[in-house]
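The values are calculated or read from the model by the stated rules, or taken from the named source; none is laboratory data. Since the structure is predicted, the reported quantities are computational estimates derived from the model, not experimental observations. Cβ coordinates were reconstructed from backbone atoms using ideal geometry, including for glycine residues, and neighbour counts include every protein chain displayed. To get the accessible areas, we keep the full protein, side chains included, count just its heavy atoms, and leave off ligands, DNA and RNA. Shrake-Rupley method; radii C 1.70, N 1.55, O 1.52, S 1.80 Å.
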Amino acid sequence: MSCTKHFLTFQWERHNWQRAVTHTARRSFRETDQWGRRVQSNDVTCHAQYVCSDCGAVRDGEECSCDPERAETCPVRVALIAEEREQEVSA
């Protein structure tokens, strides 16, 4: 299905973008708090893309970062992990 619309001499694209995570990684690093003490910090970083569910077009998204507790409940990240596990099992 094409997402390109035409009317008289005008042409435009109208996509149905869905966010998808393509890579995820856990990071652990040390940083300084407001009193100058070194503290351990953990977070999860993901790279997202947008995929049109109608025509399959892909556009690059962004990097996002959140704490590990929130990452475990992020539906887009959880979908990527489930897909990777499924591929490992079928291989």
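Can you list which of the GluC sites (Glu not before Pro) found in the chain are DSSP loop residues with at most 14 other C-beta atoms within 10 Å?
Taking the chain and a limit of 14 other Cβ atoms within 10 Å, the loop GluC sites (Glu not before Pro) found are E72.
Sticking to Cα atoms, compute the Rg of the chain to one decimal and its Dmax as the biggest Cα-Cα distance, whole number, in Å.
That works out to 19.2, 66 Å for Rg and Dmax.
Compute the semi-axes of the equivalent ellipsoid of the stretch 1-44, taking the square root of 5 times each eigenvalue of the Cα gyration tensor, and list them largest first in whole Å.
So the three semi-axes of the stretch 1-44 are 50, 14, 5 Å.
Using a 1.4 Å probe on the protein chains only, how many percent of the accessible area of the chain belongs to carbon and sulfur?
50 percent
Tell me, what HN-Hα J-couplings in whole Hz come from the Karplus equation 6.51 cos²θ - 1.76 cosθ + 1.60 at θ = phi - 60° for each residue of the stretch 66-83, using x for Gly and Pro?
Along the stretch 66-83, the couplings run 8, 6, x, 5, 5, 5, 5, 10, 5, x, 6, 5, 4, 5, 5, 4, 5, 5 Hz.
Quick one: accessible area per residue over the stretch 3-59, 1.4 Å probe, rounded to a whole number of Å²?
76 Å²
Can you give me the long-range amide H partners of N16? Hydrogens built in the peptide plane at 1.01 Å from N, cutoff under 5 Å, separation of 5 or more residues or another chain.
It is S53, D54, C55, by chain and number.
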